[in-house]
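What follows is a single structure, written as structure tokens, with notes after it.
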Amino acid sequence: MIAGIDIGSRSIELVLIDKGKVIHQDKAATTFQPLSQVRKLLDGAVPDHIVATGYGRNLLANTDMCAPVDTITEIKAYALGASRLYPEVRTLLDIGGQDTKVISLVPGGRVMKFEMNDRCAAGTGKFLEHMANVFQMPVREFGPYALGGTAALAINRMCTVFAETEAVSLMAQGHDPRNIALGLHASIARRTIAMLNRVGLTQPVLFAGGVARNPCVVRLLQEALPGPFLVPEDPDMLGAHGAALHGIEQRFSKTA
Amino acid sequence: MANEQYHEMWEKLNLDLPAHDGLLEVLGKFYGDIYMSQDGRLKGMEYLDFVLSEVHGLRIKELQDTKAEGRKVIGTFCVFVPEELTLAAGAVQVGLCAGAEVGQESAEKLVPRNTCALIKSFIGFKLARICPFTESCDLVVGETTCDGKKKAYESFSDYVPMHVMEVPQQKNEADRGLWKSEVLRYKEALEKLTGNLITADSLKKAIRTVNDRRRALQRLNRLRAAVPTPISGRDVLLINQVSFYDDPVRFTQSINKLCDELEERISKNEGIVDAKTPRLMLSGCPMAVPNWKLPFVIESSGAVVVGEESCIGTRNTRDLVGESGETVEEMIDAVCDRYMKIDCACFTPNTERLDNITGMARELKADGVIHYALMFCQPYGHEALKVEKALQKADIPMLSIETDYSMEDVAQLKTRVEAFVEMVGGK
């Protein structure tokens, strides 16, 4: 049994694979005690091998776990997950808790090029979380709420703090809050498309990471991009899944 | 490093002693983590460890002794200041502190916030009074290689005696003429400051001294290219950094000795890493002491640095001054010609840099290039885009990094660099 664990800035995902099949997957908030969250997720399972990815990968590698721990970056993990589960995909977009990554894949799944946002978390899951908070609703309701807007209002600043100021001043002008929410989502989509174009947009595109659960961001991207645009059923599990697949490949290459 | 014995000297130099002690403590710890933790280092690196541990101590004492003998100390921030002339006038040339986040808040009173870390650093070091090199200088020589520096020197001249050389922006006949007049103006300034005339004899000797140092560093660069890599990129960067502080003759001898050791190691096919380790080349902005952040991130991500296309690297060592001149005039011309070959991003166009980078990456058998631009550095920021295109044509992958001296982005840098290493290593 191989465990892939993706310790991101906001959430931790676990995928257990045994005999080539996913036997269990689960997620939890990262919190400030990621290790105890990992143990909770494992829930007594004893894998033969753990592959860790995400921001906390080295933390796990430096901890005495029940099994040997290897690490790969989330870029490689997502690329691996995407190329095995969706082999036709050429461009992979991953918007997580505090990073946006665009990865371009060659046939066969190797990473050809990637880009990652700079140190600022603008336009990521954290941005949506903050804005949902401003709108006084849980983040999972924020996307559907924004879809109720009819005309996106222009939000020009990508910085979370400045964008909030813009949103508040639009509110003070008496605009429909759903249109403001739609505008905030549109600003994420704009920034994401610019990044996709910088790396080089080759179809089909796969959209993964926690933000791919937001139906408004998905819709806006879909409308703006030509050609096939895929979203996995569990878009935030792809990294953990890729990490587990890496573990399997390693085992295989060792015994081969 | 905080040696009691130097306190009196530092006090005389008007350093802020508690702040300076604090800096040395941090520097010492940083050096221990990044340098002393390496396995299989060359014995010759002990000299570099020693020089660095005494960089604010013994080396400053040497400078004070030199000054007591009547020689002058010239401080610089750029490879455009012709050291040949400085030495020929009997003066000593040193690079000034500009590689750490120091006195940032006070620096921002003299330069705008969106100024690069290097400029803020040299101003911060001065305002915080913790760079004994700056405090030892009889003259600081600046240059017009970017708008940030150009304007910063105006403010800086309220604090130190400054001479600014105008570096042209193109490489036409008229630019060569301008540069020559600037070299001659520097010569005059030196002669006035030192009271020594630059003669054919003194200039010939100085040209040889500086060329010898470049030859030693060229030799090092040829040897370090071996597979498996016989010396870490961090160590080579340190050697390049120390070349700006140390006595040139002594430094050259030590590096040649280190190269002998390298040859021996290579003949035994020994490396500091496995032959299959991904080989990366750095390209872009200079990394002044103690800016070891990116090389350390790279070399702790499973790769090895095999080249530095930078002013603290090959840009400073690639070209020699022609040694056939006999008269002062001929030798000044040779100096001008050599410095006009520098492929600094301040020139437009600067296509030779693209050719140099591609050629160097091929020669070093680099698996990829990491382009490093300091945040807010316009010239290198622009060229990062051009370099990426040129390398793409040559089928060499490149990762573009923009960062500064702070440590807050290390985790993100590590993810990017590791992913790049995974990518070029085909893992």
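It is to be established whether one or more residues within the stretch B:366-384 are more than 22 Å from the chain's Cα centre (by Cα), among the polar types (S, T, N, Q) and modelled with pLDDT of 95 or more.
No.
Can you confirm whether B:Met360 is surrounded by 21 or more Cβ atoms within 10 Å (Cβ to Cβ), facing chain A (nearest Cβ under 10 Å) and either at pLDDT below 95 or in a helix (DSSP H, G or I) (or both)?
For B:Met360, the condition - surrounded by 21 or more Cβ atoms within 10 Å (Cβ to Cβ), facing chain A (nearest Cβ under 10 Å) and either at pLDDT below 95 or in a helix (DSSP H, G or I) (or both) - is not met.
What about B:Arg222, is it without any contact (Cβ under 8 Å) to a residue 12 or more places away in the chain and either of a type in the set (D, E, K, R) or in a helix (DSSP H, G or I) (or both)?
yes
Suppose we filter the stretch B:320-339 for residues that are assigned to a loop (DSSP other than H, G, I, E, B) and either surrounded by fewer than 18 Cβ atoms within 10 Å (Cβ to Cβ) or without any contact (Cβ under 8 Å) to a residue 60 or more places away in the chain (or both); how many remain?
Number satisfying all stated conditions: 6.
Identify the single condition in (1) at pLDDT 95 or above; (2) buried (at least 20 other Cβ atoms within 10 Å of the Cβ) that A:Thr150 does not satisfy, given that it satisfies every other one.
(2)
Conditions tested, residue by residue: (1) under 17 Å from the mean Cα position of the chain (by Cα); (2) closer than 30 Å to B:Leu320 by Cβ.
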site: B:Leu24; (1), (2): no, no
site: B:Leu42; (1), (2): no, yes
site: B:Asp65; (1), (2): no, no
site: B:Val79; (1), (2): yes, yes
site: B:Ala89; (1), (2): no, yes
site: B:Ala98; (1), (2): yes, yes
site: B:Lys109; (1), (2): no, no
site: B:Pro112; (1), (2): no, no
site: B:Thr115; (1), (2): no, no
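For residues in the stretch A:93-105 being facing another protein chain (nearest Cβ under 9 Å) and assigned to a strand (DSSP E or B), which is surrounded by the most Cβ atoms within 10 Å (Cβ to Cβ)?
A:Ile103
State all residues of the stretch A:106-126 that are outside any loop (DSSP other than H, G, I, E, B), away from chain B (no Cβ under 11 Å) and buried (at least 24 other Cβ atoms within 10 Å of the Cβ); if no residue qualifies, say none.
The answer is A:Gly125, and nothing else.
Could you check how many residues of the stretch B:394-409 are under 18 Å from B:Val304 (Cα atoms) and more than 8 Å from chain A (Cβ to nearest Cβ)?
Qualifying residue count for the region: 5.
Scan the stretch B:5-22 and give yes if some residue there is of a type in the set (A, V, I, L, M, F, W, C), within 28 Å of B:Gly90 (Cα to Cα) and part of a helix (DSSP H, G or I), otherwise no.
yes
Looking at the structure I just gave you, is A:Leu201 surrounded by fewer than 23 Cβ atoms within 10 Å (Cβ to Cβ), at pLDDT 95 or above and more than 30 Å from A:Ala61 (Cβ to Cβ)?
No, not satisfied.
Being away from chain B (no Cβ under 12 Å), crowded, with 24+ Cβ neighbours inside 10 Å and touching a helix residue (DSSP H, G or I) at 6+ places or on another chain (Cβ under 6 Å) is the filter here, so list the residues in the stretch A:79-88 that pass it.
A:Gly81
When you check B:Gly148 against the structure, is it under 30 Å from B:Glu54 (Cα atoms), touching a Ser or Thr at 6+ places or on another chain (Cβ under 8 Å) and of a type outside the set (Phe, Trp, Tyr), yes or no?
Here the answer is no, as B:Gly148 does not meet what is asked.
Name the one entry in B:Leu391, B:Leu354 that is at pLDDT 95 or above, away from chain A (no Cβ under 11 Å), out of contact with any strand residue (DSSP E or B) (no Cβ under 9 Å at 6 or more places or on another chain) and assigned to a helix (DSSP H, G or I).
B:Leu354
Regarding the stretch A:17-28, can at least one residue be identified that is modelled with pLDDT of 95 or more, among the small types (Gly, Ala, Ser) and over 15 Å from B:Ala419 (Cα atoms)?
The answer is yes; a qualifying residue exists.
The rows are residues; the columns are (1) without any contact (Cβ under 8 Å) to a residue 60 or more places away in the chain; (2) in a helix (DSSP H, G or I); (3) in contact with a His (Cβ under 6 Å, 6 or more places away or on another chain).
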{"site": "A:Asn179", "(1), (2), (3)": "yes, yes, no"}
{"site": "A:Arg198", "(1), (2), (3)": "no, yes, no"}
{"site": "A:Leu201", "(1), (2), (3)": "no, no, no"}
{"site": "A:Glu223", "(1), (2), (3)": "yes, yes, no"}
{"site": "A:Pro226", "(1), (2), (3)": "yes, no, no"}
{"site": "A:Ala240", "(1), (2), (3)": "no, yes, no"}
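Okay, residues lined up against (1) buried (at least 18 other Cβ atoms within 10 Å of the Cβ); (2) touching a residue at least 60 places away in the same chain (Cβ under 8 Å); (3) under 21 Å from B:Gly90 (Cα atoms):
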{"site": "B:Thr199", "(1), (2), (3)": "no, yes, yes"}
{"site": "B:Val210", "(1), (2), (3)": "yes, yes, yes"}
{"site": "B:Gln218", "(1), (2), (3)": "no, yes, no"}
{"site": "B:Val227", "(1), (2), (3)": "no, yes, no"}
{"site": "B:Ser232", "(1), (2), (3)": "yes, yes, no"}
{"site": "B:Asn240", "(1), (2), (3)": "yes, yes, no"}
{"site": "B:Phe244", "(1), (2), (3)": "yes, yes, yes"}
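Scan the stretch B:142-176 for residues that are more than 22 Å from the chain's Cα centre (by Cα) and in a strand (DSSP E or B) and jot them down.
Within the stretch B:142-176, none qualify.
Give me the residue from the stretch A:61-78 that is within 26 Å of A:Gly96 (Cα to Cα) and surrounded by fewer than 24 Cβ atoms within 10 Å (Cβ to Cβ) and, out of that set, farthest from the other protein chains (Cβ to nearest Cβ).
Per the criteria, the residue is A:Met65.
The values are calculated or read from the model by the stated rules, or taken from the named source; none is laboratory data. A quick note: this is a predicted structure, and the numbers were derived from the prediction, not measured. A quick note on method: Cβ atoms are made from the backbone with ideal geometry, for glycine too, and the neighbour counts reach across all protein chains shown.
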